[in-house]
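Written below as structure tokens is the structure these notes are about.
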Amino acid sequence: MSYQYRKKNSSEASVPSSSSSSKTTSTKFTNSITKYASQALKGSESKRVDANLLDSVAEIVSGNAVYIERFHCEESDYETLERLANDLDECSKEETEEGMINWSKHLKRENPEFSETFRTVVERMAEYFDVDVFATRLNFYRDGSDWKPYHHDSHAFGANGHKEDFTMGASFGAPRALSFLHEPSASSFEFPQKNGDVFAFSSEVNAAMKHGVPQLSGQEQFKVNPRFSIIAWGRRRSLNARNSSVSSSSDEKTTIAVDESRMPWHHDTKNNEENEQGGSYEVSLETPSSAKNANERVMSNNEVSELVQKFIKRKRNETRKTSKALVEHLKENNGIDDFDFVRMKKQARKYQRDDTISAKEFVESALDSRVSVDDLRNLASYLPNEQKKIELTNELQNYSSALPFLS
């Protein structure tokens with residue numbers, strides 16, 4: 001499949017959709033890193049007066065590190081995760097299938113160009129942060145026992161020899177944590193990486209602190225909760241409020257690169273191997289035994305896909321059980337008779353499955369059936385179609401929770 005990445009014109013949407021169920025391009029994202037970074041200063045007075053540590057934390061909270069929740073999708077929306085698994089299934093049909101290999105306490109696959117879903121996720125992050133991407137990776141964590149040691153990212157290079165200065169990552173599947181370590185003071189902080197979340201940081205943060213994914217403890221280690229992380233390394237085209245400490249109140253952008261936009265799977269392979277030193281974009285401490293098993297294939301694409309599909313089925317069953325309990329709550333506490341309940345249920349299915357009924361029409365019908373606005377907000381969270389969920393949530397903003405039922 002031919003694929004070419006390009007920077008969008010100003011008339012096009014600034015954040016392309018990663019799937020049909022992803023957030024709309026008008027969504028304003030919030031950087032939530034500050035509330036977690038303060039953890040690094042807790043514990044002792046010496047940390048709060050450590051100039052080196054304070055400088056490192058300042059780099060993070062000033063905008064050089066970014067944590068955006070629900071960037072690609074809502075936490076309960078597993079459509080992108082499922083598409084990644086389906087892409088792996090399709091790849092497994094090829095005779096030259098590579099599968100997942102051992103890498104630093106978890107599994108990986110370099111530049112999985114076969115996956116359109118993977119490429120779209122990378123493209124969306126690159127567009128948002130204004131980055132030329134030089135190298136990518138698909139990491140896979142089978143369960144809580146897979147982890148990532150603390151490390152600094154080393155440098156990937158573009159086709160023109162420019163060095164990367166920005167790391168971006170997206171999470172899909174079971175939640176894990178990303179941890180930053182300030183080695184001189186042994187201070188650390190971590191923040192969640194839930195399904196759909198994104199993190200990013202600049203070369204300044206990469207130099208000041210190590211990062212990794214901690215292993216889970218106790219019984220959580222052995223629960224089959226798989227997770228993909230999609231990592232991309234590249235160079236910022238400009239310094240702006242989304243990717244650096246440039247103030248968001250400034251309308252100016254400082255241009256730092258004029259490279260032609262390109263994705264790593266369109267680079268010259270020989271040049272990549274020379275510049276990227278075998279495709280290693282990280283520096284971490286490995287024991288001889290772990291280094292011995294590096295690059296050993298341990299799971300086929302089909303096995304990975306099967307593990308992910310089982311996880312998705314389990315999570316959807318959990319949602320259905322919770323949704324069923326909510327429906328029972330509606331019948332018992334709102335005094336909805338069977339006729340109104342059946343009518344509301346039919347309208348809900350009609351709204352979810354086709355475009356013959358609008359969000360406004362569905363809300364008015366539900367209110368007429370004695371369903372409260374608050375209950376409708378709860379019901380909205382269980383809609384599997386993300387776009388329908390957004391439409392319904394937005395429509396409900398036009399109604400007061402105290403609005404009396406229509407007669």
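Please go through the stretch 47-82 and give me each residue that is more than 14 Å from the chain's Cα centre (by Cα) and among the basic types (K, R), ordered by number. Give the derivation first.
Our first condition is that a residue be more than 14 Å from the chain's Cα centre (by Cα); within the stretch 47-82, this holds for 47-65.
Answer for the stretch 47-82, where residues must be more than 14 Å from the chain's Cα centre (by Cα) and among the basic types (K, R): K47, R48.
Got a number for residues in the stretch 141-166 being assigned to a strand (DSSP E or B) and surrounded by 24 or more Cβ atoms within 10 Å (Cβ to Cβ)? Give the steps one after another, and end with the answer.
Residues of the stretch 141-166 assigned to a strand (DSSP E or B): 141, 148-153, 157, 163, 166.
Subset that is surrounded by 24 or more Cβ atoms within 10 Å (Cβ to Cβ): 141, 166.
Result for the stretch 141-166: 2.
Among the residues of the stretch 202-244, which ones are under 13 Å from M125 (Cβ atoms) and touching a Gly at 6+ places or on another chain (Cβ under 9 Å)? Quick ask: steps written out before the conclusion?
If we filter the stretch 202-244 for residues that are under 13 Å from M125 (Cβ atoms), which is where we start, we get 229-234, 236, 242-243.
Those that are under 13 Å from M125 (Cβ atoms) and touching a Gly at 6+ places or on another chain (Cβ under 9 Å): S229, I230, I231, A232, G234, R242, N243.
Could you check, for the stretch 49-61, whether at least one of its residues is in a loop (DSSP other than H, G, I, E, B) and either under 21 Å from F228 (Cα atoms) or not assigned by TED's automatic domain parsing to the domain that holds A170 (or both)? Show your work before the answer.
At the first step, the residues of the stretch 49-61 found to be in a loop (DSSP other than H, G, I, E, B) are 49-50.
Next cut, either under 21 Å from F228 (Cα atoms) or not assigned by TED's automatic domain parsing to the domain that holds A170 (or both) only: none.
No - not one qualifying residue is present in the stretch 49-61.
Could you please let me know if A174 is under 30 Å from K313 (Cβ atoms), modelled with pLDDT of 95 or more, touching a Lys or Arg at 6+ places or on another chain (Cβ under 8 Å) and aliphatic (A, V, I, L, M)? Steps first, please.
Values: under 30 Å from K313 (Cβ atoms): yes; modelled with pLDDT of 95 or more: yes; touching a Lys or Arg at 6+ places or on another chain (Cβ under 8 Å): yes; aliphatic (A, V, I, L, M): yes.
Yes, satisfied.
Search the stretch 166-211 for residues being of a type in the set (S, T, N, Q) and free of Cβ contacts under 8 Å to residues at least 40 places away in the same chain, and hand back the single one that is nearest to N64 (Cα to Cα).
So in the stretch 166-211, the residues of a type in the set (S, T, N, Q) come out as 167, 171, 179, 185, 187-188, 193, 195, 202-203, 206.
After this cut, where a residue has to be free of Cβ contacts under 8 Å to residues at least 40 places away in the same chain as well, the list is 179, 193, 203.
Values: S179: 16, Q193: 18, S203: 8 Å.
The extreme case among them is S203.
Scan V198, V133 and give me the residue that is in the same structural domain as I60 (by TED's automatic domain parsing), crowded, with 20+ Cβ neighbours inside 10 Å and more than 15 Å from the chain's Cα centre (by Cα). Steps first, answer last, please.
Working: V198 fails: more than 15 Å from the chain's Cα centre (by Cα).
Only one candidate qualifies: V133.
Tell me whether the stretch 352-364 contains one or more residues that are at pLDDT 80 or above, of a type outside the set (A, V, I, L, M, F, W, C), assigned to a helix (DSSP H, G or I) and crowded, with 18+ Cβ neighbours inside 10 Å.
Taking the stretch 352-364 first, the residues at pLDDT 80 or above are 357-364.
Still in the running and of a type outside the set (A, V, I, L, M, F, W, C): 358, 360-361, 364.
With assigned to a helix (DSSP H, G or I) added as a condition, the list becomes 360-361, 364.
Checking which are crowded, with 18+ Cβ neighbours inside 10 Å leaves us with none.
Within the stretch 352-364 (the criterion being at pLDDT 80 or above, of a type outside the set (A, V, I, L, M, F, W, C), assigned to a helix (DSSP H, G or I) and crowded, with 18+ Cβ neighbours inside 10 Å), the answer is no, since none of the residues qualifies.
Among the residues of the stretch 227-235, is there at least one that is assigned by TED's automatic domain parsing to the domain that holds R83, under 22 Å from the mean Cα position of the chain (by Cα) and closer than 30 Å to S44 by Cβ? Full working, then the answer.
First pass over the stretch 227-235, keeping only residues assigned by TED's automatic domain parsing to the domain that holds R83: 227-235.
Next, from what is left, pick out any that are under 22 Å from the mean Cα position of the chain (by Cα): 227-235.
Right, trim to closer than 30 Å to S44 by Cβ and you get none.
No.
For every residue, the table says whether it meets (1) surrounded by 14 or more Cβ atoms within 10 Å (Cβ to Cβ); (2) in contact with a strand residue (DSSP E or B) (Cβ under 6 Å, 6 or more places away or on another chain); (3) farther than 30 Å from E318 by Cα; (4) modelled with pLDDT of 65 or more.
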{"site": "Y36", "(1), (2), (3), (4)": "yes, yes, no, yes"}
{"site": "L41", "(1), (2), (3), (4)": "yes, no, yes, yes"}
{"site": "S44", "(1), (2), (3), (4)": "no, no, yes, yes"}
{"site": "S76", "(1), (2), (3), (4)": "yes, no, no, yes"}
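Among the numbered conditions (1) part of a loop (DSSP other than H, G, I, E, B); (2) crowded, with 18+ Cβ neighbours inside 10 Å, tell me where S171 comes up short.
For S171, the exception is condition (1).
The values are calculated or read from the model by the stated rules, or taken from the named source; none is laboratory data. It should be emphasised that the depicted structure is a prediction, and the values quoted were computed from it without experimental measurement. A quick note on method: Cβ atoms are made from the backbone with ideal geometry, for glycine too, and the neighbour counts reach across all protein chains shown.
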